[in-house]
Amino acid sequence: MTRYGFVCLLLGAMAWGQAAPKTAPAAQKPAGQSATAPNTGAAEAPQEAEASKVPPDAPVITIKGLCDQSAPKSPALECRTVITRAQFEQVVEAVQPNMPARVRRQFATRYASALAMSKKAEELGLDKGPSYEEHMKLARIQVLATEFNKAMQEKASQITDKEIEDYYKSNQDKFEEVEANRIYIPKAQQPSAEQDKGDDKDKDKEKKASEEEQQKRAQASEETMKKEADKLRVRAAAGEDFNKLQEAAYQVAGIKSSAPNTTMSKLRRNMLPPSQAFVLDLKAGEVSQVISDQSGYFIYKVVSKQIVPLDQAREEIKGTLRSQRLQEEMKEVQESSTPVLDEAYFGPEMPRGPMPPRGPMPPGAPGTPPPASAPAPPGPK
């Protein structure tokens, strides 16, 4: 039981110890110093190799003044506790497997300090009483929950080659990749520089503009961009270069920044929102119709298509199956024991914030990342 208390204490200590070095502000770096992070992995390699030469039964921590209760009593022997490499690594494995070499020394110091404090606590009788018992109950629950989660992960990771092959055959559409070109047409035009100056000079007049006039202006802007999208689609189907068509879309929209490259490589079905996923059903050389989206209009052209080979998809499938199994296991545990809380004591449940949308948002939507290898063009500012 005492070991579980040590584990919980040291877990907190290690979390603090590893987070502390990251808090140094970047502004304190000398001028001209590179911001590139040091290659700590390379620096640790010699230390790891040196540590591996130490025999398992060799002492690696000696705590003078802390008597080992298991050692034979002898007045001639100095009071000390000795921890071998095998014993220390057993503790490390329980706290943080694969602990970096640069952290182990700090951890060893904290572990020795925790052992000394626990010995003093026993001498004061602090290992008895209701407070100690409750802490040990909580520590036991925490350790068991951690061990259960570890066991579930190990079980979920036991995936056979046949299971991988069966998933691959049953989900061929998920491993279809296309190289495509895409044009993004903003939903509305940006105000021109002349309009901006006019607004600055006559703010009072602008404030008095009726809501109806503002709506007419916005509607006219959207109609212009919709007509432009239809024109660009005709030009795309005729074989014009997509990069030039993208530049034309930006010019009509009044966007001064450079138009993005229209090439999208290794595009997968799960990288597109549902309203655009049908693009992967097009044949090579085909151009999609204008796709309307809340952030603008899109036109795709499929250049080539291929199926990702099984050998390349193997690790991805393993990760998918492992994640699915873990979700099923946790769902089963949660559904088998649903807590019911007394509102008179705890109060009503606080309303939850909006749930994040499922799947990737449409390219160009505010606050959402674009699909990989194809940066979404910025919308009108």
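Which one of GLN142, GLN189 is surrounded by 13 or more Cβ atoms within 10 Å (Cβ to Cβ) and in a helix (DSSP H, G or I)? Sole residue among the options that is surrounded by 13 or more Cβ atoms within 10 Å (Cβ to Cβ) and in a helix (DSSP H, G or I): GLN142.
Which of the residues that make up the range 137-190 are aliphatic (A, V, I, L, M) and closer than 30 Å to MET264 by Cα? ILE164, VAL178, ALA180, ILE183, ILE185, ALA188 - these are the residues of the range 137-190 that are aliphatic (A, V, I, L, M) and closer than 30 Å to MET264 by Cα. Of the strands (runs of 3 or more DSSP E) contained entirely in the range 246-311, those carrying at least 2 residues that are charged (D, E, K, R) and surrounded by fewer than 18 Cβ atoms within 10 Å (Cβ to Cβ) fall at 263-268. Checked against (1) exposed (fewer than 13 other Cβ atoms within 10 Å of the Cβ); (2) in contact with a Leu (Cβ under 6 Å, 6 or more places away or on another chain); (3) small (Gly, Ala, Ser), ALA114 passes all but condition (1). Residue pairs whose Cβ atoms lie under 8 Å apart, sitting 6 or more positions apart in sequence or on different chains, and linking a residue in the range 313-330 that is within 14 Å of GLU165 (Cβ to Cβ) to a partner that is in a helix (DSSP H, G or I) and hydroxyl-bearing (Ser, Thr, Tyr), are ALA313/TYR168; ILE317/TYR167; ILE317/TYR168; THR320/TYR167; LEU321/TYR167.
Read the figures in this text as sums done on the coordinates, not as results from a lab. This structure is a prediction, so every number in the text was calculated from the model and none was measured. Don't worry about glycine lacking a Cβ; one is built from the backbone with ideal geometry, like all the others, and counts go over all protein chains shown.
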